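Encoded as structure tokens, the structure appears first; notes follow it.
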Amino acid sequence: MSVAALLLLWFVLASLPWVNERAFVVIKVNAPKSAWIRLGELVVYYFVALMVAAGFEQRFSGNIYQQDWEFFVTTLCLFLVLAVPAVVYRHQWLPAQQKQR
């Protein structure tokens with residue numbers, strides 16, 4: 001797995017809460033998902049992405065280096081930035097398309 005593939009995986013994980021109406025892609029929600037459910041999914045997907053990245057680091061460097069809080073703040077910000085296109089799609093593009101119909 002290359003770094004580009006890892007970033008693509010992070011992009012997909014960050015986008016999942018906003019591109020579908022199912023919780024965690026498999027649980028059907030009767031009403032539209034609330035913002036709290038989407039944020040909860042985002043947090044869970046962030047930790048999944050961190051575990052994948054730790055496995056990537058373990059595989060290619062042989063060990064996992066200890067990280068301080070700055071690393072986690074930076075990766076969380078990266079994860080949130082990667083989610084922006086899906087948020088724009090969900091909250092700006094889709095309503096604009098529905099108004100045109």
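Per-structure values
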item	result
Of (1) 6.5; (2) 7.8; (3) 5.9, the label for mean projected area of the Cα convex hull in nm² derived from the coordinates	(2)
Relative contact order (percent, whole number), region 3-100, Cα cutoff 8 Å, 6+ residue spacing	38
Calculated [θ] (222 nm, deg cm²/dmol) that DSSP helices of n ≥ 4 give over the chain, each run adding -39,500 (n - 2.57)	-23500 deg cm²/dmol
Rounded tilt (10° steps) of 69-88 against the dominant C-alpha axis of the chain	30
Distance between modelled label sites at F71 and V25, nm, 7 Å Cα→Cβ extension	2.6
For the chain, built as a Gaussian network whose Cα springs stay under 10 Å, the top-fluctuating residue of F47, F11, F79	F47
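Here, each number is a calculation from the coordinates, and none is a lab measurement. Bear in mind the structure is a predicted one, so any value in this text is a computation, not a measurement. Positions of Cβ are generated from backbone atoms using ideal geometry, with glycine treated the same way; all protein chains shown enter the neighbour counts.
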